[in-house]
Amino acid sequence: MVTLLTGISQLATAPGTGARRGAEMGVLDIIEDAAIAIEGERIAWVGPRRAWTGTAAEERDLGGRAVVPGLVDPHTHVVWAGDRLADFEARVSGVPYEQILARGGGIRSTMRHTAAASVVELIELARPRLAALVAGGATTVEIKSGYGFTLEAELASLEAINAFIGHARVQVVPTLLIHVPPGNPAERADYLAMVTQELIPEVASRGLATAVDIFIEREAFSVEDAKVVFGAALAEGLAVKAHADQFHAIGGVECAIAHGALSVDHLEASTPGQIAALGAAPTVATILPGVTLHLGLPAAPARALIAAGAAVAVGTDCNPGSSPLFSPQLAVALAVRLNGLTPAEALTAGTANAAAALGLADRGRLAAGQRADLLVLDERDWRTITYTLGASPVVASWIAGRELTA
Ligand code: NIG
Ligand code: FE
């Protein structure tokens, strides 16, 4: 059964297939007075309304509004317990994020609260956060564990994340995050042994995650640690990715690229060497402008990355410490303000390239054969999605061929 969406003043989508690199990111297919034919979960046809010659069982007039692909949020940490409001107040009074972490606060305080919560509690805490991301235009959301720390608590976080698969309309992609090592350096080797010999094999055998991420940073894991974790993940058939160059470029980007990472995320401290490496590698460069806004970090060098030929994606990094940003649409809009992307590049970053950052080729575009994940916007012009700050320009979301209803 075909449903034909009409009354689309303007349809905007990245063309082609796969990640869009460099100058390609600024090139969109824009169709005025468009129509989209949906069959089941997929798009069957896209084109100018007047070119449609098929038959449709049902026609839906969207009332002269712009339509874009559903946003893919390729980087979130929405499963956490506790809050970071005291850390926030300390930070805005001048205490650096890394110093709060080094003295046992920050990520470590969220770990204490998360490890003490049950799977059911974690699900109930994450549910409204996921709903906020959907209201902000997400049709696919990656969610990382990483606040559990122990074997049991990491598995509990992943169980909470997996509970949304098949129960939430939004598509959830689970990632195991190896976040920070034990505070006592003497315990580090044992912790890494637990991660590589127990946690990663168990996650792989239970199918609890499709990728393993690691935070490579002075206050977190070294490149040597990352090599061991990546090796264990790849041996289990899991994809790899990294948090890299958030505060210091210590080789995380180069190490992740060498292991075929799907993406490296953050990049605020990347220098010309890392930028050139990302320009030449298939690894997607994911920028997180919420961190720039919330921590006052330098913006990731997105213009230089695009000039080097990299594929740039954008995500919220929704988490309690570095980016309490609950709207993928706002992440896209901030990428324009803070990272200097053009509106067209930002749309590509939040759709086709964000899908590529998750290794997904079946979404992120409006084209025949893609999942029918799309957003109806409040204006006739698609650029409203990169323009609006603080209110959602998303009037309706369609996920896998069906309109999302409250
Ligand atoms: O992506 N950089 C490390 N991890 C998270 C922050 C987590 C936190 O502060 O709770 C991030 O920024
Ligand atoms: Fe993160």
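Okay, here's what the table says:
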read-out: Any hit, segment 190-203, residues being touching a residue at least 12 places away in the same chain (Cβ under 8 Å), surrounded by 14 or more Cβ atoms within 10 Å (Cβ to Cβ) and within 21 Å of GLN246 (Cβ to Cβ); value: yes
read-out: Qualifying residue in segment 150-159 (condition: crowded, with 21+ Cβ neighbours inside 10 Å, away from ligand 2 (no atom under 16 Å from the Cβ) and part of a loop (DSSP other than H, G, I, E, B)); value: no
read-out: Matching residues, segment 230-247, being in contact (Cβ under 8 Å) with a residue 60 or more places away in the chain and away from ligand 1 (no atom under 16 Å from the Cβ); value: LEU238, ALA239
read-out: Residue, nearest to the chain's Cα centre (by Cα), within segment 219-239, restricted to residues that are in a loop (DSSP other than H, G, I, E, B) and within 16 Å of ligand 2 (Cβ to nearest atom); value: ALA220
read-out: Residue identified as touching a Phe, Trp or Tyr at 6+ places or on another chain (Cβ under 9 Å) and within 16 Å of ligand 1 (Cβ to nearest atom) among LEU297, LEU288, LEU267; value: LEU297
read-out: Selected residue (criterion: farthest from HIS179 (Cα to Cα)) from residues of segment 128-161 that are more than 16 Å from ligand 1 (Cβ to nearest atom) and more than 17 Å from the chain's Cα centre (by Cα); value: PRO128
read-out: For ILE250: the one exception among (1) among the β-branched types (Val, Ile, Thr); (2) in a strand (DSSP E or B); (3) within 14 Å of ligand 1 (Cβ to nearest atom); value: (2)
read-out: Those residues of segment 260-296 which are under 15 Å from PRO74 (Cα atoms) and part of a helix (DSSP H, G or I), in sequence order; value: PRO289, GLY290, VAL291
read-out: Among the candidates ASP317, ASP362, ASP378, residue that is without any contact (Cβ under 8 Å) to a residue 24 or more places away in the chain and acidic (Asp, Glu); value: ASP362
read-out: Contacts under 6 angstrom Cβ, first residue in segment 256-272 being buried (at least 20 other Cβ atoms within 10 Å of the Cβ), partner among the hydroxyl-bearing types (Ser, Thr, Tyr), 6 or more apart; value: ALA261/THR283; SER263/THR286; VAL264/THR283; ASP265/THR286
read-out: Single residue of segment 193-218 satisfying the filter (in a loop (DSSP other than H, G, I, E, B) and within 15 Å of ligand 1 (Cβ to nearest atom)) that is farthest from ILE287 (Cα to Cα); value: ARG218
read-out: Given (1) of a type in the set (Val, Ile, Thr); (2) closer than 28 Å to GLY237 by Cα; (3) in contact (Cβ under 8 Å) with a residue 24 or more places away in the chain, number of the condition ILE165 does not satisfy; value: (3)
read-out: Given (1) within 16 Å of ligand 1 (Cβ to nearest atom); (2) crowded, with 24+ Cβ neighbours inside 10 Å; (3) within 30 Å of ARG112 (Cβ to Cβ), index of the condition SER327 fails; value: (1)
read-out: Hey, GLY82 small (Gly, Ala, Ser) and out of contact with any Ser or Thr (no Cβ under 9 Å at 6 or more places or on another chain) or not; value: no
read-out: Enumerated strands (runs of 3 or more DSSP E) restricted to segment 1-90, each holding at least 3 residues that are surrounded by fewer than 21 Cβ atoms within 10 Å (Cβ to Cβ) and modelled with pLDDT of 95 or more; value: 2-13, 29-39, 42-48, 58-69
read-out: Per-region count, segment 69-91, residues in contact with a strand residue (DSSP E or B) (Cβ under 8 Å, 6 or more places away or on another chain), within 16 Å of ligand 2 (Cβ to nearest atom) and not β-branched (Val, Ile, Thr); value: 5
read-out: Segment 273-287, residues that are touching a strand residue (DSSP E or B) at 6+ places or on another chain (Cβ under 6 Å) and touching a residue at least 40 places away in the same chain (Cβ under 8 Å); value: VAL284, THR286, ILE287
read-out: Number of positions in segment 44-95 that are within 16 Å of ligand 1 (Cβ to nearest atom) and of a type in the set (Ser, Thr, Tyr); value: 1
read-out: Wholly enclosed strands (runs of 3 or more DSSP E) of segment 297-402 bearing at least 2 residues within 16 Å of ligand 2 (Cβ to nearest atom) and within 19 Å of the chain's Cα centre (by Cα); value: 312-314
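The values are calculated or read from the model by the stated rules, or taken from the named source; none is laboratory data. These numbers come from a predicted model, not from an experiment. Don't worry about glycine lacking a Cβ; one is built from the backbone with ideal geometry, like all the others, and counts go over all protein chains shown.
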